[in-house]
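Notes follow once the structure below has been shown.
Throughout, read-outs are computed from the coordinates displayed, never taken from laboratory work. Given the structure is predicted, the values throughout are model-derived calculations rather than measurements. Here the Cβ positions follow ideal geometry from the backbone for every residue, glycine too, while neighbour counts run over all protein chains shown.
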Amino acid sequence: MVLNTMLSNRKICYNSCVLNTLTKFYIMKKTESQNKQGKIDEKALTDIMNSYQSRLFTVVNKIVIDTDAASDIVQDVFITFYEKGEQFESRSSIYTWLYRIATNKSIDYIRKVARERKNQKKLHHLDNVTAKSHDENIHHKMIVAEVLKELDETFRVPLMLAEYEKMSYADIAEELGIEVNTVRTRIFRARKKMLSILEKHGVQL
Amino acid sequence: MKNSNNSNNHEYYEMLISCQMDGELSKEEELELEEHLATCEHCRALQAKFRGLSSVLDGSTIVVDTEAEKTDGSKTYIDFHRKHFPIMKAAACVLIMLALSITTFVGINNHNRTSINLASSSGGYEVYEGAPLMSDTFVAYMDGEENLSTDYEEYSPLFAYFSYIDD
């Protein structure tokens, strides 16, 4: 009961190992009751978690550049997935969905950190070196988050799979259930679009 | 992938550059692209931009504010010039807002003075919005008159009172 409340309230502040176990336990426990209604398959759910957990972690960690936060975000993604999991028809749509939610949660996290940082700066006068080092990372993260946010999901997911996971076009095509030529075009368009978004934000590469 | 019809098209080579970034080119395509890059400055610039983008995404290049101090010597930095809201645009916005508020203010005043024609069974009379509530006596008086002036001032309670006394 306590566990359910903690997780459903998203008050996640535990270390990743404990959290991983907690999430699995929470999902398994709820799956048992769901199974009676024939809504969700426990084995499939475990399979999905095992398949995508480390991959999602890699992507999220690249965006937030913080292993603890990345771990928390991934756990949160799976809890959200569990709650809406029964709506998915195919594996490719699950994959796209997980990526979308993971990216959005990462972006939200960065924005939240930036906001907190701003407030912190107002309240406490941090020493110059610490402040500048933090600002440097925050600026970078914010720019990357904004660029990813502005990019349409159709283009963002293939690009992230290629850039962050170094997947081949054939594998991406298989995962997303689209043609290899489509993958090639979408990644190319995504890069062009990202360049224009970066320029719009004042970043000249 | 090879497309002889598009061989002179920049977009075809731009696509090849994107594929090259992900290691998806065949040997023939690599050679074809290298040949083109040797002669095309536009595509060379794009290749550099795609590489820069990739390094920003994986965090090996850090985007920082122009005025920020670069603290880590092992990293590459790209300056980010924060775009400020142009002064001329701000001035134009203020002028538009001012014009709108003046128009609205004048509009409200005119609206208060505009009459609303209320059709009555006895042929209709005009009531001015914003005017004080009229007594039954005053309404009866107005119904009896044919050529009433439409000037709001004339329908003031004082005017009504004097007209009533005159009768």
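Just a few scattered comments:
- Least to most buried among A:Y169, A:Y99 (fewest other Cβ within 10 Å first): A:Y169, A:Y99
- Shielding by partners for peptide B:21-27, expressed as the average number of C-beta atoms from other protein chains within 10 Å of each residue's C-beta, is 4.
- By the count of other C-beta atoms within 10 Å, a proxy for reagent exposure, A:R115, A:R191 are ordered fewest to most as A:R115, A:R191.
- Cα gyration tensor shape for the stretch B:11-54, rounded if a/c is under 1.5, else prolate or oblate: oblate
- The mean number of partner chain beta-carbon atoms within 10 angstrom of a residue's beta-carbon across peptide A:192-202 is 4.
- For B:I62, residues with placed amide H under 5 Å, excluding near neighbours: B:T76, B:Y77, B:I78
- In order along the stretch B:26-32, the Karplus-derived 3J(HN,Hα) couplings, from 6.51 cos²θ - 1.76 cosθ + 1.60 at θ = phi - 60°, round to 7, 4, 4, 5, 4, 4, 4 Hz, and Gly and Pro are given as x.
- Over 30 Å between alpha carbons, listed pairs A:K62/A:K118; A:K112/A:K192; A:K43/A:K112; A:K62/A:K193; A:K166/B:K49: A:K43/A:K112
- Shielding by other protein chains, A:178-187, mean Cβ within 10 Å: 2
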